[in-house]
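Q: Sending over a structure as structure tokens; questions will come in a sec.
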Amino acid sequence: MKLISATSILLISSSGVARAMLGPGYEDNMHCPPGSCSLLVNVHPGPQSSYTKCYDETTDQTTEAVWTGFRTQVEAPKGWIENPEVCD
């Protein structure tokens, strides 16, 4: 019977969190419609897009952000704000 070291167990148990994150180039910049701010909702390990939304304080509406990065071919809609300020 082989013994498994504590380091191996730690690496195996933490690998799920590492796979949930996206590397650089996939979600580098957040884009929101004009007049929106960046709102954190239900923060948890994983890609930023899963817990960051665009929020328009005047209409009280949240919308999905458009995420861009050098590894994607995604383009933000014209006039959208890049990396808006965090909501108050």
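The values are calculated or read from the model by the stated rules, or taken from the named source; none is laboratory data. Predicted model only: the values in this text are computed from it and were never measured. The accessibility values were calculated without ligands, DNA or RNA, using every heavy atom of the protein model including side chains. Shrake-Rupley method; radii C 1.70, N 1.55, O 1.52, S 1.80 Å.
Q: How much accessible surface area, in Å² rounded to 10, belongs to the heavy atoms of residue 22 with a 1.4 Å probe?
A: Approximately 100 Å² of residue 22 is accessible to the 1.4 Å probe.
Q: What list of ³J(HN,Hα) values in whole Hz, one per residue of region 38-53 in order, does the Karplus curve 6.51 cos²θ - 1.76 cosθ + 1.60 (θ = phi - 60°) give from phi, with Gly and Pro shown as x?
A: Ordered by residue, 3J(HN,Hα) equals 8, 10, 7, 10, 6, 5, 7, x, x, x, 4, 5, 7, 9, 10, 10 Hz.
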